[in-house]
Amino acid sequence: MSTSNATVDKLDVVAVAPHPDDLEILCGGTLAKLVKQGYKVGIFDLTSGEPTPRGSLETRVKEAEAARFALGVQVRVNLQLPNRVLMDGPEARFRLATELRRYRPSLLIAAAGRTPAASPDHHQGHLIAEASRFYSQLTKWDERFDHTAPYRVPHLVYALMPTDAEQRHFHSTFVIDISETMEQKLEAIRAYESQFDADRFVKVKHFISCANGYQGARCGFMYGEQFALPHPVGADDLYKLVHGGKGALVPVQLPGRDHLPLN
Ligand SMILES: [Zn+2]
């Protein structure tokens, strides 16, 4: 297990996905933005991501560290669960829940979705993250969690796989404006040269820019990343809810046009 910054003992946000490069692609712009906003952020990779056709364990570790640096994220932990055959089960849950109990984040971001044309690890990672959040709070099981204290992560947010197989109804989808950190996101993805050589990166950059451009356009941002909650948004003041920030209910403004009501 590797930790990039051992001096950080509590995190505000932890993001979890099976492979190094998943979170950069899904929500790298948001992670970089959270750091800029003053939060302590950790990336937890469930597996090394290896073997892959062009990678190796050594190169993948270096690439993951370079990507962490590009995003400014303070901590990166690799749980060393098995790539390609990652399965939700008690041992995987204990491992992730132990790290949640150690770092006690207020928010868990879980890569979510089923990708039938890509690795089945993604769906399993989604299940492991949800179950581990539940396990981390359990009492009278401390020996299963390296004798860490029970801790409940208050909030769970899904970072949505763009190629999810389901026509799924996620509660409460929303988009974070990543216009200011889009370049950092692309730099972090480019760090994975074993996965995206120069030719492949041109295509990847195009597809990611299109996807984030589309999500941003829905809310009036140049680039955005989509998320969802496992429950409806709760609020007691409708007015403050819609005026509380650059949210989806703010009218979209495009150059030369006023308040185009795309929402
Ligand atoms: Zn992946």
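Regarding the stretch 87-102, can at least one residue be identified that is surrounded by fewer than 23 Cβ atoms within 10 Å (Cβ to Cβ) and over 25 Å from GLN137 (Cα atoms)? The answer is no, given that none of the residues of the stretch 87-102 is surrounded by fewer than 23 Cβ atoms within 10 Å (Cβ to Cβ) and over 25 Å from GLN137 (Cα atoms). Might you let me know whether the stretch 139-147 holds any residue that is at pLDDT 95 or above, touching a Pro at 6+ places or on another chain (Cβ under 6 Å) and not small (Gly, Ala, Ser)? The answer is yes; a qualifying residue exists. Considering THR59, THR30, THR7, THR52, the condition of being of a type in the set (S, T, N, Q) and buried (at least 24 other Cβ atoms within 10 Å of the Cβ) is satisfied by THR30 alone.
For LEU71, the criteria (1) in contact (Cβ under 8 Å) with a residue 40 or more places away in the chain; (2) crowded, with 22+ Cβ neighbours inside 10 Å; (3) over 14 Å from the mean Cα position of the chain (by Cα) hold in every case but one, which is (3).
Condition check ((1) modelled with pLDDT under 90; (2) closer than 30 Å to LEU79 by Cβ; (3) surrounded by 14 or more Cβ atoms within 10 Å (Cβ to Cβ)) across all residues:
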residue: HIS171; (1), (2), (3): yes, yes, no
residue: ILE178; (1), (2), (3): no, yes, yes
residue: MET182; (1), (2), (3): no, yes, yes
residue: LYS185; (1), (2), (3): no, yes, yes
residue: ASP199; (1), (2), (3): no, no, no
residue: VAL204; (1), (2), (3): no, yes, yes
residue: GLY213; (1), (2), (3): no, no, yes
residue: LEU229; (1), (2), (3): no, yes, yes
residue: VAL242; (1), (2), (3): yes, no, no
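Tell me whether the stretch 7-14 contains one or more residues that are among the hydroxyl-bearing types (Ser, Thr, Tyr) and in contact (Cβ under 8 Å) with a residue 24 or more places away in the chain. No, the stretch 7-14 contains no residue that is among the hydroxyl-bearing types (Ser, Thr, Tyr) and in contact (Cβ under 8 Å) with a residue 24 or more places away in the chain.
Criterion applied to GLU99, GLU63 was being within 16 Å of the ligand (Cβ to nearest atom) and either of a type in the set (Gly, Ala, Ser) or within 18 Å of the chain's Cα centre (by Cα) (or both), and the one residue passing it is GLU63. Looking across the stretch 105-154, the residues that are more than 16 Å from the ligand (Cβ to nearest atom), under 16 Å from the mean Cα position of the chain (by Cα) and under 24 Å from HIS19 (Cβ atoms) come down to PRO105, LEU107, LEU108, GLU130, SER132, ARG133, VAL153. Scanning the stretch 74-112 for residues that are closer than 12 Å to ALA129 by Cα, of a type in the set (Gly, Ala, Ser) and in contact (Cβ under 8 Å) with a residue 40 or more places away in the chain yields ALA92, ALA97, ALA110, ALA111, ALA112. Please tell me if GLU50 is farther than 30 Å from LYS140 by Cβ, in contact with a helix residue (DSSP H, G or I) (Cβ under 7 Å, 6 or more places away or on another chain), within 14 Å of the ligand (Cβ to nearest atom) and assigned to a loop (DSSP other than H, G, I, E, B). Here the answer is yes, as GLU50 does meet what is asked.
Restricting attention to the stretch 71-99, the residues being touching a Lys or Arg at 6+ places or on another chain (Cβ under 8 Å), closer than 25 Å to LYS185 by Cβ and assigned to a helix (DSSP H, G or I) number 1. Residues in the stretch 140-169 that are in a loop (DSSP other than H, G, I, E, B), buried (at least 17 other Cβ atoms within 10 Å of the Cβ) and out of contact with any helix residue (DSSP H, G or I) (no Cβ under 7 Å at 6 or more places or on another chain): ASP164 alone. Only one entry of GLY28, GLY42 meets the criterion of being under 12 Å from the mean Cα position of the chain (by Cα), more than 19 Å from PRO120 (Cβ to Cβ) and part of a helix (DSSP H, G or I), and that entry is GLY28.
The values are calculated or read from the model by the stated rules, or taken from the named source; none is laboratory data. This structure is a prediction, so every number in the text was calculated from the model and none was measured. Please note: Cβ atoms are built from the backbone with ideal geometry, for glycine as well, and neighbour counts cover all protein chains shown.
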